[in-house]
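Engineer: Just passing along the structure, written as structure tokens.
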Amino acid sequence: MSETGEYSDVEYVFEANSTAVPDLRDYIEAVWERRQFMIELARADLRSLRTSTALGNIWSVLDPLFQSAIYFFLYVVLRGGGSKSQAAFLPILIGGFFLLGLSMAALGEGGSSIKRAKGLLLNSTFPRAILPITSVYKALRNFVPSACVFVVVFPVLGGKVGTGLFLLPLVFVLQTVMNVGISLLISTYVTLVPDGTNVMTYVNRVLFFATPVVYPVSLLPSSAKIFVAWQPLFPLFAAYQQILGGGVPSAAYLIETALWAFALLFIGIRVFLRHEREFAMAL
Amino acid sequence: MTSTAPGFDQERPIDPGPASIEAHNVSASYRVRIDSADLISDIRRLVFRHQAASDRLIPALRDVSFDVPKGSVLAVIGRNGAGKSTLCRVISGVLPPEQGRVIVRGRMNLLAPGIGFSDTLTGRENITLGGLASGISPERLEELSDEIGEFAQLDEYLDLPMRSYSGGMRMRLASSVAVFLDPEILLIDEALTGGDAAFSEHIAEKTAELIGKGRTIVLVTHGLSSVKLMATSALWLHQGRVAEFGDPDEVVNKYMRYCRIESLGMDDIG
């Protein structure tokens, strides 16, 4: 009898009622090994969005340009130029909208990433966290043309550049960390809770209005602030507003943002890994 | 008469060491959503019975035990809904067992890693994504793409979006990806890897090649002739339970006898 082929040392044990969370280091290693898969999946998803259009990838630049034009029309043309402070808020508003798109993608696309990949999940084995993380990465790639457009539009609309700009990368990294946590947490919730998708529609809307993007934090009465400052996007976008307004973000906002970001990442990872095995059953 | 694919008549290199797959008293269920009838009945149920529109657990496997030695071929047979595809999903770790334990030793590929990606992507892109998800390097995949396309008889379709593919072309691509990624353990569910007779023979040849290399194969099939031809052991599942497990000829004969009796019974009822 000939020899059997060489087998690797890989051993999988699948047990019932195992609530044990996989070893985090091994899990991160497995996700990292599939990084090329994440990159390709995001690229393929973005490409497939454009293939049915005549302008193709040109849309990735046109989209932020049109969005900027709409805000200009709403805040400058329709309001007859408005006050000086209203005009000064326009570049901050546009930047805020582009950045908010990243967090909304983590909530929306990231949240539904497991449910949307049913076929893939039932036919392949890989660390499931790749799917929500890919949504965050995809949103980042999609953000690049918007950021380029914003860099051009910002000074044209009279945006002020201050020393706080040096802190922009730090705040952006904190937002990305927060987005990964949010997408892991929400994707678990939406997959396992039957009415999760319905509830998220309202959560998204509440967060949109509770986040200082369409209004300056400085104009918020303290009685209203109590209702909106409790959520993670508030200190984050308050810090963004200060930076884009030419100022320096306050230490309180930065610390609060960092605490939220790492707390959400920690909770997101714990919850996702604990429930990952139940996804196939629920889909 | 069944044609013999080259490779099946060779001596199979079965390892006497630890099995590739061990299943101990495995049970598994699916959660099925019960659709609500209308608004009034939903309110009634919530208010009077204090019960939400609940999920129901449907048992798909019950107390299933078997092992598959390294280098052997296990055929899984049974009627539709017997739990065959569920067994594949439990072995691959996609679906957690509700009870029991499954141990798998080796790198495995579940049936069709190409299935599940975007229709707007080309066949080549789907191969890349399926391979990357399975942990194959991009360089190796670049080498394999043309070979897989040729094997799946896709010709110029390989670089066209998959939405332009026929059902047969999709299945051919999916099963080609599965056999070409050189898994140590291959789980093939024929329900998902169909194709015409010529292609089935083509796949059988490739499977024989894997068997020749000492790979472990779990084949879910309705083709009883291929069970006798390829398998070293057979598992007959009936309503989620093991009806028979052992020598393929014996298991197939018992299964055929059962099917004949059942069809006679149906005739009587008719």
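The values are calculated or read from the model by the stated rules, or taken from the named source; none is laboratory data. Just so you know, these numbers come straight off a predicted model, no measurement behind them. Because the Cβ atoms are built from the backbone with ideal geometry, glycine has one as well, and the counts that use them run over all protein chains shown.
Engineer: Looking at A:A239, is it at pLDDT 95 or above and over 16 Å from the mean Cα position of the chain (by Cα)?
Structural biologist: Numbers: at pLDDT 95 or above: yes; over 16 Å from the mean Cα position of the chain (by Cα): yes.
Spelling it out, A:A239 is indeed at pLDDT 95 or above and over 16 Å from the mean Cα position of the chain (by Cα).
Engineer: Which count do you get for residues in the stretch B:208-247 that are over 22 Å from B:V90 (Cα atoms) and assigned to a helix (DSSP H, G or I)?
Structural biologist: Total meeting the criteria: 11.
Engineer: Of all residues in the stretch A:26-36 being more than 19 Å from the chain's Cα centre (by Cα) and within 12 Å of another protein chain (Cβ to nearest Cβ), which is surrounded by the most Cβ atoms within 10 Å (Cβ to Cβ)?
Structural biologist: Start the filter on the stretch A:26-36 by keeping residues that are more than 19 Å from the chain's Cα centre (by Cα), which leaves A:26-30, A:32-34, A:36.
Those still in the list that are within 12 Å of another protein chain (Cβ to nearest Cβ) too: A:29-30, A:32-34, A:36.
Numbers: A:E29: 11, A:A30: 15, A:W32: 10, A:E33: 13, A:R34: 21, A:Q36: 16.
Ranking the qualifying residues of the stretch A:26-36, first place goes to A:R34.
Engineer: Based on this model, can you work out whether B:L87 counts as among the aliphatic types (A, V, I, L, M), at negative phi and in a strand (DSSP E or B)?
Structural biologist: In short, no.
Engineer: For the stretch A:125-160, which positions are closer than 23 Å to A:A69 by Cβ and β-branched (V, I, T)?
Structural biologist: A:V144, A:V149, A:V151, A:V152, A:V153, A:V156
Engineer: Looking at B:Y255 and the list (1) under 28 Å from A:D9 (Cβ atoms); (2) at pLDDT 85 or above; (3) in a helix (DSSP H, G or I), which single condition is not satisfied?
Structural biologist: (1)
Engineer: Among B:K84, B:K70, which is facing another protein chain (nearest Cβ under 9 Å), at pLDDT 85 or above and touching a Gly at 6+ places or on another chain (Cβ under 9 Å)?
Structural biologist: B:K70
Engineer: Which pairs turn up if I take residues in the stretch B:217-232 that are surrounded by 21 or more Cβ atoms within 10 Å (Cβ to Cβ) and look for partners that are assigned to a helix (DSSP H, G or I) and basic (K, R) with beta carbon separation below 6 Å, at least 6 apart in sequence or on another chain?
Structural biologist: Short answer, once both residue conditions are applied: B:V220/B:K84.
Engineer: While we're on this one: What is the number of the single condition among (1) surrounded by 22 or more Cβ atoms within 10 Å (Cβ to Cβ); (2) touching a helix residue (DSSP H, G or I) at 6+ places or on another chain (Cβ under 8 Å); (3) modelled with pLDDT under 85 that B:I148 does not meet?
Structural biologist: (3)
Engineer: Still on this model: If a residue counts only when it is under 21 Å from the mean Cα position of the chain (by Cα) and β-branched (V, I, T), which helices (runs of 4 or more DSSP H) contained entirely in the stretch A:117-197 have at least 2 such residues?
Structural biologist: The helices (runs of 4 or more DSSP H) meeting that bar are A:130-156, A:168-192.
Per-residue answers, yes or no, for (1) charged (D, E, K, R); (2) away from every other protein chain (no Cβ under 14 Å); (3) in contact with a helix residue (DSSP H, G or I) (Cβ under 7 Å, 6 or more places away or on another chain):
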{"site": "A:F98", "(1), (2), (3)": "no, yes, yes"}
{"site": "A:R128", "(1), (2), (3)": "yes, no, yes"}
{"site": "A:C148", "(1), (2), (3)": "no, yes, no"}
{"site": "A:V151", "(1), (2), (3)": "no, yes, no"}
{"site": "A:F154", "(1), (2), (3)": "no, yes, yes"}
{"site": "A:G158", "(1), (2), (3)": "no, yes, yes"}
{"site": "A:F166", "(1), (2), (3)": "no, yes, no"}
{"site": "A:L185", "(1), (2), (3)": "no, yes, yes"}
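Engineer: So how many residues does the stretch B:144-164 have that are part of a loop (DSSP other than H, G, I, E, B) and farther than 9 Å from B:G123 by Cα?
Structural biologist: Looking only at that region, the number is 2.
Engineer: How about the stretch A:43-75: which of its residues are more than 11 Å from chain B (Cβ to nearest Cβ), small (G, A, S) and within 21 Å of the chain's Cα centre (by Cα)?
Structural biologist: A:S60, A:S68, listed by residue number.
Engineer: Return the only residue of B:G114, B:G123 being modelled with pLDDT of 85 or more and within 14 Å of chain A (Cβ to nearest Cβ).
Structural biologist: B:G123
Engineer: Can you name the number of the only condition in (1) of a type outside the set (G, A, S); (2) within 24 Å of A:F172 (Cβ to Cβ); (3) modelled with pLDDT under 90 that A:L244 fails?
Structural biologist: (3)
Engineer: Go through the residues of the stretch B:143-154 one by one and say whether even a single one is farther than 30 Å from A:L49 by Cβ, within 10 Å of chain A (Cβ to nearest Cβ) and free of Cβ contacts under 8 Å to residues at least 40 places away in the same chain.
Structural biologist: No, the stretch B:143-154 has no match at all.
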